[in-house]
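Colleague: Pasting in a structure now, in structure tokens, and then I'll have a few things to ask.
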Amino acid sequence: MKKIVSTGALLVLFSFAGASMPALADADDIVIDGAWARASIGMNRPGAAFMTIRNTSTEPVTLIGLSTPLAMMPAIHETRTSADGVSSMTPTDEIAIAPGESVALEPGGLHAMLMQLQEPMTEGETFPLTLVFEDGGEATVEVPILGFAARGPED
Ligand SMILES: [Cu+2]
């Protein structure tokens, strides 16, 4: 996991000012495990990324968005399969994660949909994906791109 955003200095300022500001969710509170994505066939179809997001803080956090230089329109989606076996994807505006809990983004469920790819997703490469939280905190993970047929993260 790569820590890019740190709000530590900011928090010190707030505490000196005596503001009763809750701690921002940041790379220290959010642990991202097992991130992976599948290689794409060209750029016309969206890609998808998967991971487990763990909230190690004592406050609930809410994931509200994604950003990555790889895709113009990244979004959180959920795949649902109806009783008659038809799967469909719907955008999910937010994912609340309770203190100490984790949420799995995995094939057939929640996933990071990467729409409008800016370049093909090539096996063996990685790309940064930033998770944006409701309180303004962010956590960035470097996502490895696995093969077309990958079904889970590499060990
Ligand atoms: Cu999707």
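The values are calculated or read from the model by the stated rules, or taken from the named source; none is laboratory data. Since this is a predicted model, take the numbers as computed values, not measurements. So basically every Cβ, Gly included, is an ideal-geometry build from the backbone, and we count neighbours across all protein chains shown. With ligands, DNA and RNA removed, areas are computed over all heavy atoms of the protein, side chains included. Shrake-Rupley method; radii C 1.70, N 1.55, O 1.52, S 1.80 Å.
Colleague: For the stretch 125-134, does any single residue satisfy the condition of being of a type outside the set (Asp, Glu), farther than 19 Å from residue 30 by Cβ and in contact (Cβ under 8 Å) with a residue 40 or more places away in the chain?
Modeller: So far as the stretch 125-134 goes, no, none of its residues is of a type outside the set (Asp, Glu), farther than 19 Å from residue 30 by Cβ and in contact (Cβ under 8 Å) with a residue 40 or more places away in the chain.
Residue by residue, here is whether (1) assigned to a strand (DSSP E or B); (2) within 12 Å of the chain's Cα centre (by Cα); (3) within 12 Å of the ligand (Cβ to nearest atom); (4) under 23 Å from residue 147 (Cα atoms) holds:
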{"site": "49", "(1), (2), (3), (4)": "yes, yes, yes, yes"}
{"site": "53", "(1), (2), (3), (4)": "yes, yes, no, yes"}
{"site": "77", "(1), (2), (3), (4)": "yes, yes, yes, yes"}
{"site": "96", "(1), (2), (3), (4)": "yes, no, no, no"}
{"site": "100", "(1), (2), (3), (4)": "no, no, no, no"}
{"site": "104", "(1), (2), (3), (4)": "yes, yes, no, yes"}
{"site": "108", "(1), (2), (3), (4)": "no, no, yes, yes"}
{"site": "116", "(1), (2), (3), (4)": "yes, no, no, yes"}
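Colleague: Mind checking whether some residue in the stretch 8-18 is modelled with pLDDT of 95 or more and either more than 16 Å from the ligand (Cβ to nearest atom) or in contact with a His (Cβ under 6 Å, 6 or more places away or on another chain) (or both)?
Modeller: Scanning the stretch 8-18, I find no residue that is modelled with pLDDT of 95 or more and either more than 16 Å from the ligand (Cβ to nearest atom) or in contact with a His (Cβ under 6 Å, 6 or more places away or on another chain) (or both), so the answer is no.
Colleague: Limited to the stretch 74-93, what total is found for residues that are within 20 Å of residue 35 (Cβ to Cβ) and open to solvent by 90 Å² or more (accessible area, probe 1.4 Å)?
Modeller: Of the residues in the stretch 74-93, 1 are within 20 Å of residue 35 (Cβ to Cβ) and open to solvent by 90 Å² or more (accessible area, probe 1.4 Å).
Conditions tested, residue by residue: (1) open to solvent by 40 Å² or more (accessible area, probe 1.4 Å); (2) over 21 Å from residue 61 (Cα atoms).
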| residue | (1), (2) |
| --- | --- |
| 107 | yes, yes |
| 110 | no, no |
| 115 | yes, yes |
| 121 | no, yes |
| 132 | no, no |
| 135 | yes, no |
| 141 | no, no |
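Colleague: What number goes with the only condition from (1) at pLDDT 95 or above; (2) open to solvent by less than 60 Å² (accessible area, probe 1.4 Å); (3) more than 16 Å from the ligand (Cβ to nearest atom) that residue 57 does not pass?
Modeller: Exception for residue 57: condition (1).
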